[in-house]
1. Between the range 70-91 and the range 50-65, what is the separation of their alpha carbon centroids in Å?
2. Taking only DSSP H segments of four or more residues, each worth -39500 (n - 2.57), what value at 222 nm results for the chain once the sum is divided by all its residues, to the nearest 500 deg cm²/dmol?
3. How far, in nm, would the chain grow between residue 57 and residue 5 when pulled straight, counting 0.36 nm per residue and subtracting the alpha carbon separation?
4. With +1 assigned to the C-beta of every Lys and Arg and -1 to the C-beta of every Asp and Glu, and no other charges, what is the dipole magnitude of the chain about the Cα centre in debye, to the nearest 20?
5. Residues with amide H under 5 Å of residue 69's amide H, sequence separation 5 or more or different chain, H placed in the peptide plane at 1.01 Å from N; which?
6. Identify the chymotrypsin sites (Phe, Trp or Tyr not before Pro) of the range 46-113 meeting these criteria: DSSP loop state and at most 12 other C-beta atoms within 10 Å of the C-beta.
7. Let me check I have the definition right: for the range 4-113, take the eigenvalues of the Cα gyration tensor, multiply each by 5, take square roots. What are those semi-axes in whole Å, largest first?
Amino acid sequence: MDIENVNIKADRPSIEVARRRLKQRIMEARRRGVPFLKVIHGYGSTGKGGALKDALRKSLRYRKREGLVQQYIYGERWGPFDEASRRLLDEFPGLARDRDYGRKNPGITIVQLRQGD
């Protein structure tokens, strides 16, 4: 099972543009039946976290409440030592082929989309 990449940080958008872009990509992916997204948001130029990362992760919490997102796993947790990651791989073992799996990458978030509706 592959994960579709969504590179939000590529052109350094404002937070508001990035939020809109993320929601649009989630809606498009759901329409196409894509089960997983890897949101590439970066982790801030200082390496201590950035406004874009924080804003998009907050946005994902809203999307989950709206029923668009099933779950999300922060990149720094995406690996064999995280319970949510292990449960997801039990159901979808092919996700272990993701190049960021186990790399503790804070610049990404793995998103499982809610299907149906």
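1. So the two Cα centres are separated by 17 Å.
2. That comes out to -12000 deg cm²/dmol.
3. 17.2 nm
4. 400 debye
5. Residues meeting the amide H criterion: 64, 114.
6. Values: sites: 62, 72, 74, 78, 81, 101; in loops: 78, 81, 101.
Sites meeting the loop and neighbour criteria: 81.
7. Gyration-tensor ellipsoid for the range 4-113: 21, 18, 11 Å.
Throughout, read-outs are computed from the coordinates displayed, never taken from laboratory work. Note that this is a predicted model, so its numbers are computed, not measured. Virtual Cβ from ideal backbone geometry, glycine too; neighbours counted across all protein chains shown.
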